[in-house]
1. Kirkwood hydrodynamic radius, the stretch 47-93, all distinct C-alpha pairs: what's the number in Å?
2. Keeping all protein chains in place, calculate the accessible area per residue for the stretch 77-137 (probe 1.4 angstrom), answer in Å².
3. Express in Å², to the nearest 10, the accessible area of Val35 obtained by rolling a 1.4 Å probe over the protein heavy atoms while all chains stay in place.
4. Pop out the carbon and sulfur fraction of the accessible area of the stretch 76-137 as a percent, whole number, probe 1.4 Å.
5. When only the heavy atoms of the protein chains count and the probe is 1.4 Å, how do Asp57, Asp102, Asp96 rank by accessible area, highest first?
6. How much net charge surrounds Tyr51 when only other residues with a Cβ under 12 Å from its Cβ are counted (Lys, Arg +1; Asp, Glu -1)?
7. Given a Förster distance of 35 Å, report the FRET efficiency between Lys104 and Met124 from their Cβ-Cβ distance, rounded to the nearest 0.05.
8. With all protein chains present, calculate the accessible area of Phe64 using a 1.4 Å probe and round the result to the nearest 10 Å².
Amino acid sequence: MAGPRSFLLLLLALVFAVHAERFPRLLGGLSEANVNDESVKRALNFALSEYNRASNDKYGSRVFRVIEAKKQLVAGLKYVFEVEVSRTTCTKSATDFSNCPDHKEPPLKKHYICHFEVYTVPWMGKTSLLKQECRDV
């Protein structure tokens with residue numbers, strides 16, 4: 001015989017099933033990130049800054065297009081990006097490559113698909129690049 005507790009559990013399951021579309025991912029799972037959100041922009045800029053710093057290239061690179069951006073709530077925030085990166089005409093002495101034009105002619109014209117993972121703990125002011133993998137397009 002079902003008691004009040006069983007009824008309550010059944011009611012809770014029914015409410016969750018009806019509203020499941022509002023919870024597309026489990027808490028802690030990866031979800032889509034809005035590339036127009038300031039925190040997402042900061043994380044992507046950090047990844048690209050680290051990429052440019054580690055590169056031996058004379059020229060700086062910028063994000064040509066964002067293929068995918070995801071975020072995950074952990075003990076902070078983890079961002080996962082799949083982006084197309086292009087080599088600009090600006091040398092690395094520039095501080096901002098976002099307005100630099102791309103090289104148009106080979107061999108200077110270069111595009112890469114990069115996978116970046118950035119971990120940030122905003123309330124501690126900590127950001128780190130966990131993963132960077134790039135391949136030629």
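1. 12.0
2. 59
3. Its accessible surface works out to 60 Å², give or take rounding.
4. In the stretch 76-137, the share of accessible area belonging to carbon and sulfur is 53 percent.
5. Asp96, Asp57, Asp102
6. Taking every Cβ under 12 Å from that of Tyr51, the sum is +2.
7. 0.25
8. The value for Phe64 is about 100 Å².
The values are calculated or read from the model by the stated rules, or taken from the named source; none is laboratory data. Remember, it's a predicted structure, so these values are computed and weren't measured experimentally. Quick reminder, even Gly has a Cβ in these numbers, built from the backbone with ideal geometry, and neighbours come from all protein chains shown. The accessibility values were calculated without ligands, DNA or RNA, using every heavy atom of the protein model including side chains. Shrake-Rupley method; radii C 1.70, N 1.55, O 1.52, S 1.80 Å.
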